[in-house]
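Undergrad: Structure below; questions to follow.
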Amino acid sequence: MRRLKIALLAAVGVVAAVLAPRRSGTEEKSPAKNPRRLLGASLKRWLIEIAVILTVFAVGGFLVAASGIIPIKASSGHWAITRWFLIFSMHRSFSTHSLGIKAPPLDDPALVLRGAGAYETSCRPCHGSPELRHPRVARKMLPEPPYLPPKISEWEPEELFSLVKHGVKLTGMPAWPTQKRDDEVWAMVAFLLRMEDLDAEGYRRLVYGGIPPALEGAPIEGLIGPQNVPKTVTATCGRCHGADGRGRGRGAFPRLAGQRPAYLYAALEAFARGERHSGIMEPIAAGLSPEEMRELALYYAGLEAPAPAPRQTAALAAIERGRAIAHQGVP
């Protein structure tokens, strides 16, 4: 406290010394004889006064912050003008930083499905869903995470992309877990653009598809054979890859049924360590124990792989290009 008083007194002394009127000396020239020098002196004095005032404001702001009297409690809320300024600044920032970004087609159903699964895992606990719009814990955050459907129309797709990818400083909004998967970020944007029209049933259909969310441990004979579905499948993987391992949606998610268990286990480990990049898979894999990874790998490896779909002409051409790349490489 003593140091704060000394700093404050010093700042006041400097201001008083600078702003005090000067006595004219005998050596000073009259304005009429030297107007250019007088103008330069006045400008110099004006700049010094501005610099001192700004310094005092900076020191004063530091002293106020150092005193600890500024409330930063989430329970205290924001003043209306503070809230407006923060929201205005956020909108302008993302509008500026999204310049030059071009959105891909966002009406692809597979893209929407991928975004729905990611939203349920990472976003719903704070932003809610049509089933529970305002989670109780998130309502006590400052700023409070908004329920998104009424807010999406305020943003352009490119702005949403920048917001989802980079997050927002000094809030609970994180950046996308990896900055190397723009395709996943666009999938989230595609889902958000659809979210405004979803009711609770439509949301469940996109997130879970034909797999009931309460399937835990239930036998599903007739769908994938006389097996029990592990808890980890119903809690995480089944929403996207399906309990039958065949992937929901055409091309939305990889098919896991019939894959080698060593490959599946290694893939989960790579996601958990961040060596294989995916903002969707990394948080899920990081939350799995080695035993759960092994259980998942053995479960999906034990399922019957689906028959390959009939290949179209375009697919055959792509396969031939892939064969040439694998055998000859790309110059």
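Undergrad: Give the residues of the stretch 94-127 that are among the small types (G, A, S) and open to solvent by less than 50 Å² (accessible area, probe 1.4 Å), sorted by residue number.
TA: S95, S98, A103, A110, G115, A116, G117, A118
Undergrad: Among E295, E304, E269, E282, which is farther than 28 Å from V185 by Cβ and in a helix (DSSP H, G or I)?
TA: Of E295, E304, E269, E282, the one residue that is farther than 28 Å from V185 by Cβ and in a helix (DSSP H, G or I) is E295.
Undergrad: Consider I70 carefully, then state whether it is at pLDDT below 90, more than 27 Å from G247 (Cβ to Cβ) and of a type outside the set (S, T, Y).
TA: yes
Undergrad: Among the residues of the stretch 124-172, write down those that are under 11 Å from the mean Cα position of the chain (by Cα), in contact (Cβ under 8 Å) with a residue 40 or more places away in the chain and assigned to a loop (DSSP other than H, G, I, E, B).
TA: Correct list: V168, G172.
Undergrad: If you scan the stretch 117-143, which residues turn out to be over 16 Å from P283 (Cβ atoms) and among the aliphatic types (A, V, I, L, M)?
TA: Within the stretch 117-143, L132, V137, A138, M141, L142 meet the criteria.
Undergrad: Evaluate the stretch 177-197: report whether one residue or more is surrounded by fewer than 17 Cβ atoms within 10 Å (Cβ to Cβ), at pLDDT 90 or above and aliphatic (A, V, I, L, M).
TA: No: the stretch 177-197 contains no residue that is surrounded by fewer than 17 Cβ atoms within 10 Å (Cβ to Cβ), at pLDDT 90 or above and aliphatic (A, V, I, L, M).
Residue-wise test of (1) at pLDDT 95 or above; (2) β-branched (V, I, T); (3) loosely packed, with under 12 Cβ neighbours inside 10 Å; (4) in contact with a helix residue (DSSP H, G or I) (Cβ under 9 Å, 6 or more places away or on another chain).
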| position | (1), (2), (3), (4) |
| --- | --- |
| A252 | no, no, no, yes |
| R255 | no, no, no, yes |
| F271 | yes, no, no, yes |
| E304 | no, no, no, no |
| A307 | no, no, yes, no |
| R311 | no, no, yes, yes |
| H327 | no, no, yes, no |
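Undergrad: Right, next: Please give the number of the condition P226 fails out of (1) open to solvent by 50 Å² or more (accessible area, probe 1.4 Å); (2) at pLDDT 95 or above; (3) more than 26 Å from the chain's Cα centre (by Cα).
TA: All conditions are met except number (2).
Undergrad: Now, a different point. Which numbered condition in (1) at pLDDT below 90; (2) over 28 Å from M141 (Cβ atoms) is the only one that G77 fails?
TA: Against the list (1) at pLDDT below 90; (2) over 28 Å from M141 (Cβ atoms), G77 comes up short only on (2).
Undergrad: Now for a different question. Tally the residues that are out of contact with any helix residue (DSSP H, G or I) (no Cβ under 7 Å at 6 or more places or on another chain) and closer than 20 Å to H78 by Cβ, restricting the search to the stretch 114-142.
TA: Total satisfying the criteria: 4.
The values are calculated or read from the model by the stated rules, or taken from the named source; none is laboratory data. This structure is a prediction, so every number in the text was calculated from the model and none was measured. Here Cβ is always computed from backbone atoms with ideal geometry, including for glycine, and neighbour counts include all displayed protein chains. The accessibility values were calculated without ligands, DNA or RNA, using every heavy atom of the protein model including side chains. Shrake-Rupley method; radii C 1.70, N 1.55, O 1.52, S 1.80 Å.
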